Structure formats: C-alpha cells, structure tokens
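Bear in mind these aren't lab numbers, they're just calculated from the coordinates by the rules spelled out. All of these numbers come straight from a predicted model, not from anything done at the bench. FYI the Cβ positions are ideal-geometry reconstructions off the backbone, even for glycines, and counts take in every protein chain you see.
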Amino acid sequence: MHFLAHAPGSPTIHRWLQRNWTGRYLDRLSPEFLDSYNYHVKNFLLLPAPEQSCALEFGVGRNLLTPLLLSAVGARQIFAYDIDRLATVEQINHVIRQLRELDVPCPGQAWHEIENIDIDLKRYYRIDYLAPCDVRRTSLPAGSIDFVCSTSTMEHISSADIVSIVTECRRLCSPSALMSFIIDYHDHYSSFDAGITRFNFYRYSEFKWKWFNPPNHFQNRLRHSDYEALFASCGLIALENRAITPPYNEKDLKNIRLAGEFTKYSTADLAALNGLFLLKAACAIAA
C-alpha cells in the first residue's frame, strides 16, 4: 500500500490487484450488506419531506450504493463526494443489476444501467458524482443540504480533518437536516490476514503505527468514545448513538499488550467494532 500510494498509475495498478488478486473489485450485495446501507435510507425517511430533500454523501467509494438507494426513495438531488475517483461504470452497473435482481423498489423508474458516470447518474438518478473533490471545501450554498451521510469512511480520516468536514457539513445543513454515519472501528488488515485479530492494531504506538499506515489505507484508530466527544465539540447532538460489539473471543483482546495510547479506554470501548450515529445540530434542536 505504501508502494501504491506513490507509484505512477497507482489507481490502475490497484484496480488490477483487486480484480485479479484480492477479488474485491466488484461488491456482492448480500442481504446483510444491503441492510447495513439501509440504515441511511431509514434515517433519510425521517426528514419532514424526503421527496423534496437534497442529500450529500462523502466517501462514496467504488459502487455509489447509498446515493442509488437514496435516489430510489425519492431524494430530489444527491451530491456524491470522494477525495479520489474510485467508481467505474462496471462497478456501478454491477450494483444496479443486483438491485434489480433483488427487487429493490425504485418507484417511477427502472434500474437503468449507465454508460457515462457523469451524465447518466445525473439523468437517471439525480446524482452528481464529485470526485476527486474535497468535501471540506464545497462550493454549495449554506443551508442547501437536508441529509449528510457516510459509510465506513470516517475511520480513514484524521480527527482534525473530520472536524473540518463536519464543520463544512453543518454550514450546508438546513434547519431540519440530519447526519447519518456508520463507522468501522476494526483493524482493516484483519480482513485479508487471517493471522491477526480485529483488535491487532492496539498493540502499536502511534510512532510504530505510522509504518503500517500508508495514506491510501489510513486508519485513525479512534474509538467510539472519541467520536462521541468529537461530534459534541462540533455542536452536534445524537438522536441515535450506538456502539456495536459483535461476538468475539475475549482472549483476542486480553492477549494484546496495549500500546500506551489505548490503556485509557474501557474494555467495552476497545471491543466495539462499529458505530452508528444519527445527529442533528444543537441549535436546530434548541429551535
């Protein structure tokens, strides 16, 4: 990953590796996978007038699943931001075909496959794909967004940049706007290395972790309590705040000699592997 972060033509090399080595190029929409993304759909439908609402997702990744689902439930416009242009026509169409096969409702239109990302996403789904683009500094008008979301993105962003992103999103939010976040807390290297656990990165000090933390696979290692404090510092109030701790072997955590940075956390905080947040600006709550 360090090599790919600096190699010429690294996006092309990365796609080749995903297609021919890791098998992660195309996403399969299992019921569990789709259900996790429907967390945002459920929250979007809490808005006073979803069909008149504009949504924004940052870190849309390679398949644009959330923007497609928000379009299907009637979002008037969806801004899909990413710092890198990861999505391809092939990956998006693979998801669209699965949504069609799974009979996911798309009232008023069919699940059209696309030929041009920029033109057809906007024409069929009211999606503006903005990548590469920095969501810390958008050119959108203040108060123009009714729903902000991200999925398994914040764990790849530094805490300072998260504050900048949330601050910009607050500027964009209308008085009734909601923010919906799914955050993944586990050591992502464990997804393709069976020899380590999901808690493995707790053993490394911040200095040592830099050697394993390339910019294109950055993991901030923040815990659920860190995000609670961060969102509160940005003037957000949680309508839902849920730490998810799937079943795990307690020895996996107890056998790790924690780096000093992690000794301050409770066992529950260290064991939580996902977080769900539904947030609203404090001033909007008061109003």
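Remarks
- In the stretch 131-230, the trypsin sites (Lys or Arg not before Pro) that fall in loop regions by DSSP, at most 11 other Cβ within 10 Å: Arg137
- ³J(HN,Hα) computed for each position of the stretch 101-111 - Karplus, 6.51 cos²θ - 1.76 cosθ + 1.60, integer Hz, glycine/proline x: 5, 7, 6, 5, x, 9, x, x, 7, 8, 7
- Loop-located GluC sites (Glu not before Pro) in the stretch 77-123, at most 13 other Cβ atoms within 10 Å (DSSP): Glu115
- Each of Phe207, Val60, Val135 was placed along the dipole of the stretch 28-286 (beta-carbon charges, centred on the mean Cα), and the one lying farthest toward the positive end is Phe207.
- Computed magnitude of the charge dipole of the chain (debye, nearest 20; Cβ of K, R +1, Cβ of D, E -1): 440 debye
- A viscosity of 0.890 mPa s and a temperature of 25 °C, combined with the Kirkwood radius over C-alpha pairs in the Stokes-Einstein formula, give the stretch 81-180 a diffusion coefficient of 159 µm²/s.
- Label-point separation, Tyr189 to Ala238 (7 Å along Cα→Cβ), nm: 2.9 nm
- Label-to-label distance, Leu102 versus Arg76, with points set 7 angstrom from Cα along the beta-carbon direction: 2.8 nm.
- Highest-fluctuation residue, Asp193, Asp35, Asp27 considered, GNM on the chain with Cα pairs under 10 Å: Asp193
- The chain: most fluctuating residue of Ala131, Ala55, Ala268 per GNM, C-alpha cutoff 10 Å: Ala268
- With the simple model of a label 7 Å out from the Cα in the direction of the Cβ, Lys42 to Leu230 spans 2.3 nm.
- In order through the stretch 255-272: 3J(HN,Hα) via Karplus (6.51 cos²θ - 1.76 cosθ + 1.60), integer Hz, x for Gly, Pro: 7, 8, 7, 5, 5, x, 4, 9, 6, 7, 8, 6, 4, 4, 5, 6, 7, 5
- Modelled FRET efficiency - R0 41 Å, Ser144 with Glu250, Cβ distances, 0.05 increments: 0.30
- Relative contact order (%) - the chain, alpha-carbon pairs under 8 angstrom, separation at least six: 17 percent
- Against the empirical curve 2.2 N^0.38 Å, the C-alpha radius of gyration of the chain lands at a ratio of 1.01.
- Hz values of 3J(HN,Hα) by residue in the stretch 140-150 - Karplus curve (6.51, -1.76, 1.60), Gly and Pro given as x: 6, x, 4, x, 9, 10, 9, 8, 10, 8, 7
- Relative contact order for the stretch 36-104: 32 percent, from Cα pairs under 8 Å spaced at least 6 residues apart, divided by residue count.
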